[in-house]
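Notes for the one structure printed next.
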Amino acid sequence: MLPADLAHFRTPGVPTLSPDGSVAVIAVTLPDLEENEYRSQLWRVPTDGRTPSRKLTHGTNDGEPRISPDGRWLAFLRSAEGGKPQLHVMAMDGGDPRCLTDQPLGAGAPVWSPDSTAIAYTARVPEPGRYGTEEKVGPDKEPPRLITSLKYRIDNLGFTNDRRPHVFVINAVDEDSEPVQITEGDFDDANVSWSPDGARLAFVSARHEGREFELVSDVFVCNRDGSEVRAITRSRTAVGTPVFSPDGSAVWFTGSGDLGSNGRDFVANHAGLWSVPADGSSEPTRHSDPEADDLSEGTPRITVTEAGLLVGRLARGAVELLRYPWEGGDPQALLTGARQVLGHDAAGDVIVATVAGPGSSGELVRLTGGEEHTLTSFGETLTGTGRVHEVEEFEATADDGYPVHGWIIRPAGAGPHPVILSIHGGPYAQYGWTMFDEGQVYASAGYAVVMCNPRGSAGYGAAHGRVIRQDMGNRDSADILAFLDAALQQPDLDADRVGVMGGSYGGFMTTWLVGHSDRFVAAISERAMNEPVSFVGSSDIGWFFPAEYCGTNPDQVAAQSPLAFADRINTPTMVIHSEHDWRCPVEQGQRLFVALKLRGIDTEFLLFPGEGHELSRSGLPLHRVARFEHILRWWAKYLPTAANPAAAAGTLDEAADDAADGRSDDAADAATGGDAADAAPTAEDHAADVVGEPDSQPYPPRLATEPPGP
């Protein structure tokens, strides 16, 4: 895969199914390199497996589709050019969509009432005078923010204390209807759902005393007019995604285990499946195994069926689809294997699921009577390039005998190939059985990519994830190096030419490894947490994350600070960061770059304007391409290959010129060639998340090689 092949990625979202199970609708997202933005439309996919799929909408940003329970209507979000996502409705048999909302910061995903007459959703309500609510007042002239809570901003979104999300309901049939705000107050309300009789709503909120210091939240119910709001859980958990049982007697939801006395013990605290009486008359019951069943990063919804509840479970790099029966007992595995289920819906005896694998960013699969049928071919454009490499499963043994699971992506040819050790973020996350664009790009450039899920990762049980709690950098680094050493025994991998890179926690670990070893030829530390002490005050999660992963004892924290070992780093290291990253703020990268520069270590600081923590996954398309080009330039300098020769590294002036141009000739060709640029559908992540902060700017990244003068 070439960097410009991002233009060929078609990524389907969460499907919605008609009540008779005959038709699914799904949003499909495509990076448009020519316009430097994401495009998405809705696709109509018949589930008979014979009738071809077709585009249902032709907007540029359509997402979050939901078919009404009577099958007549389709609700979805549409963002006008430069605007916020608003709720739209159209007839399933065709016609023009009708816009229902004009929320100043955009509307959230629609949820139909059982009688198909109303839609519930959540939307952020701006404080008067902010976010364009007063036409003549720009962002720079707004009054100052008075912040009194620890929870006042979120990466990729911005400040939140002055725009709380609340629940709204609108009559979808009456064309003159206006949205009615159902909840209010200084609370964040999310994940709304309807009772089967349409008389009540369930949602998630944190309204208890001490909530600003905790991660604890509860399930609330209220009447559809917003009256009689009450919590039906009073546990010490973080909850999400409530749904009513078919008879309305219970509410089922996902939720963590007990978060401890401080309400912040989140490390490898698996989200499980719970239920509670809808009147809150007894304590919640957990239905999933707290050690083995990890639903925390599975599919983004619970699907209610007659036979039980559908949820996703992480498992050794996969995401399986499970069905938990209403009567209790062990779940039934419906979709398993080397793949990841990313979304699902069901009607009658038909289940549809969005399923991704190592060679695909997602296809829609029908499951009926235990038999599977793939309904779409969104990935053909990318696989048709012939530049998608196989992913090989690999397992090593750590120094204490513990198994370490992972993968190798090999380039074409006999080798020996230089190696890039790639480390995932999190740390409670997983590499796995899905399309990893970075591994594919580096393999096409001639590198063998080695990646694993050391202890601390998700998908291998709670104990596996909690080993590194308040001890990052020790057991996890030993696992990673054991996996690398085992992989380097492969005859086609060159043990003398190894680089290391990673982002977020992977950036932490990259900085850590080069501070404790000179074995790597070069390194790339991206959007890292390099110094836990300053991270506490600068990061949006700093008020709870470092204490749980690094502890609070000053000596203990210092021992887990990669920056504390910067004086030992002799490895050439590129630092990559984004100006608007509030998860791992830019000061974390600046401090590493300056520390290395002052010691004379070859280093560069690649800084992206307008981007947040998610640059590599959902940043502006041309920023993602430019990032790849700079990374390959760095590897060409220290680990040249036939496909990425040293001459490609060029000079720093040439690199700056390339960055200013915004994209390579290959990128331009990909943007205008074939049907890639005008073919597919919307980035749902972009549609609902970025509401009210300045948009990312289409400017090239800044490449710093010298600290500024006085």
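Kindly express, to the nearest 10 degrees and within the range 0 to 90, the angle between helix 652-661's C-alpha long axis and the longest C-alpha principal axis of the chain.
20 degrees
If you place +1 on the Cβ of every Lys and Arg, -1 on the Cβ of every Asp and Glu, and leave all else neutral, what size is the dipole of the range 65-382 about its Cα centre, to the nearest 20 Debye?
Working: 29 positive and 48 negative charges, 140 e Å.
Computed charge dipole of the range 65-382: roughly 680 debye.
Charges only on Cβ, +1 for Lys and Arg, -1 for Asp and Glu: so what's the dipole of the chain about the Cα centre, in debye to the nearest 20?
For the chain, the charge dipole is close to 740 debye.
At R0 = 45 Å, how high is the FRET efficiency between Glu380 and Val173 if r is their beta carbon distance? Nearest 0.05 is fine. List each step's numbers first, then the result.
Working: r = 40 Å, r/R0 = 0.88.
That pair, Glu380 with Val173, gives E of 0.70.
Just in the range 1-85: which trypsin sites (Lys or Arg not before Pro) are loop by DSSP and have at most 15 other Cβ atoms within 10 Å?
Sites meeting the loop and neighbour criteria: Arg50, Arg72.
With contacts defined as alpha carbon pairs under 8 Å and 6 or more residues apart, what's the relative contact order of the range 161-311 in percent?
Numbers: 338 pairs, mean separation 22.8, N = 151.
Relative contact order comes out at 15 percent.
222 nm [θ] for the chain, helices only, -39500 (n - 2.57) per DSSP H run of 4+, per residue, to 500? Show your work: numbers first, answer last.
Details: 15 runs with 124 residues, N = 710.
It lands at -5000 deg cm²/dmol.
Can you classify the range 564-612 as rounded, prolate or oblate using the Cα gyration tensor, where a ≥ b ≥ c are the square roots of its eigenvalues, rounded means a/c under 1.5, and otherwise it's prolate if a/b beats b/c and oblate if not?
prolate
By per-residue mean of other Cβ atoms within 10 Å, what is the highest-first order of 444-450, 631-637, 537-543?
Top of the packing list down: 444-450, 631-637, 537-543.
Could you work out the local net charge near Phe544, counting Lys and Arg as +1, Asp and Glu as -1, over the other residues with Cβ closer than 12 Å to its Cβ?
Details: positive: Lys151, Arg264; negative: Glu212, Glu214, Asp265, Asp540, Glu548.
So the environment of Phe544 carries a net charge of -3.
If I take every Cα pair under 8 Å that is 6 or more residues apart in the chain, average their sequence separation and divide by the length, what percent do I get for the relative contact order?
Working: 1854 pairs, mean separation 95.6, N = 710.
About 13 percent, as a whole number.
So how tilted is helix 505-516 from the main axis of the chain? Cα-based, degrees 0 to 90, rounded to 10.
Long axis of 505-516 versus the principal axis of the chain: about 20 degrees.
For the peptides 187-197, 462-472, 520-530, 385-395, what is the packing order when you average, over each peptide's residues, the other Cβ atoms within 10 Å and list the highest mean first? The partial results should precede the final answer.
Working: 187-197: 20.7, 462-472: 19.2, 520-530: 26.2, 385-395: 15.5.
Per-residue Cβ counts within 10 Å, averaged per peptide and sorted highest first, yield 520-530, 187-197, 462-472, 385-395.
Is the range 164-254 rounded, prolate or oblate when judged by the Cα gyration tensor, a ≥ b ≥ c being the square roots of its eigenvalues, rounded requiring a/c under 1.5 and prolate requiring a/b larger than b/c?
Details: a/c = 2.43, a/b = 1.39, b/c = 1.75.
Note, shape of the range 164-254 comes out oblate.
Under 5 Å between amide hydrogens, which residues at least 5 positions from Gly425 or on another chain qualify, with H placed 1.01 Å from N in the peptide plane?
Gly503, Gly506
Which one, (1) 30.1; (2) 59.2; (3) 48.7, gives mean projected area of the Cα convex hull in nm² as derived from the coordinates shown?
(1)
Using 0.36 nm times the number of residues separating Asp400 and Phe213, minus their current alpha carbon distance, what extension gain do you get? The partial results should precede the final answer.
On the way: separation 187, 0.36 × 187 = 67.32 nm, distance 3.78 nm.
Gain on extension, Asp400 to Phe213, equals 63.5 nm.
Charges on Cβ only, +1 for Lys and Arg, -1 for Asp and Glu, centred on the Cα centroid of the chain; of Thr57, Val89, Pro331, which one is farthest towards the dipole's positive end?
About the Cα centre, the residue reaching furthest to the positive side is Pro331.
Mean separation of Cα pairs under 8 Å and 6+ residues apart, divided by the residue count of the range 249-300: what relative contact order is that in percent?
Values: 83 pairs, mean separation 18.5, N = 52.
Across the range 249-300, relative contact order equals 36 percent.
How far, in degrees from 0 to 90, does helix 475-487 lean away from the longest principal axis of the Cα atoms of the chain, to the nearest 10?
The angle comes out at about 70 degrees.
Apply the Karplus parameterisation 6.51 cos²θ - 1.76 cosθ + 1.60, with θ equal to phi minus 60°, to every residue of the range 220-226 and state each ³J(HN,Hα) to the nearest whole Hz, in sequence, with x for glycine and proline.
10, 10, 8, 5, 5, 8, x
What net charge do the residues around Leu100 carry, taking every other residue with its C-beta under 15 Å from that of Leu100, with Lys and Arg at +1 and Asp and Glu at -1?
-4
May I ask you to evaluate 6.51 cos²θ - 1.76 cosθ + 1.60, the Karplus curve with θ = phi - 60°, for each residue of the range 525-536 and list the ³J(HN,Hα) values in order in whole Hz, giving x for glycine and proline?
So the J values, rounded to whole Hz, are 9, 10, 5, 8, 8, 9, 9, x, 5, 5, 4, 4.
Please sort 373-379, 226-232, 551-557 by packing, taking for each peptide the average over its residues of neighbouring beta carbons within 10 angstrom, highest first. Intermediate results must be reported in sequence, preceding the final value.
Working: 373-379: 18.1, 226-232: 14.3, 551-557: 12.7.
In descending order of packing, they fall as 373-379, 226-232, 551-557.
Residue by residue, what Karplus-based ³J(HN,Hα) values in Hz, rounded to whole numbers, does the range 199-212 have, using 6.51, -1.76 and 1.60 with θ = phi - 60° and x for Gly and Pro?
8, 10, 10, 10, 7, 10, 7, 10, 10, 7, 5, x, 4, 5
Restricting to bridges with both residues inside the chain, how much of the DSSP beta-bridge set is antiparallel, in percent to the nearest 5? Don't skip to the end; give the middle numbers.
On the way: 115 of 142 bridges.
Counting DSSP beta bridges with both partners in the chain, the antiparallel share is about 80 percent.
Place +1 on the Cβ of every Lys and Arg and -1 on the Cβ of every Asp and Glu in the chain, take the dipole about the Cα centre, and give the residue among Gly21, Trp512, Val45 whose Cα lies farthest towards its positive end.
About the Cα centre, the residue reaching furthest to the positive side is Trp512.
Run through every distinct alpha carbon pair of the range 466-508 and return the Kirkwood hydrodynamic radius in angstroms, one decimal place.
It works out to 11.9 Å.
Using a Förster distance of 41 Å, how high is the FRET efficiency between Asn223 and Arg591, based on the Cβ-Cβ distance and rounded to 0.05? List each step's numbers first, then the result.
Numbers: r = 53 Å, r/R0 = 1.28.
Once the sixth-power term is evaluated, E becomes 0.20.
Read-outs throughout are calculated quantities, based only on the coordinates presented, and are distinct from any laboratory measurement. From a predicted model like this one, the values you see are computed outputs, not experimental measurements. All Cβ positions, glycine included, derive from the backbone under ideal geometry; neighbour counts span all protein chains shown.
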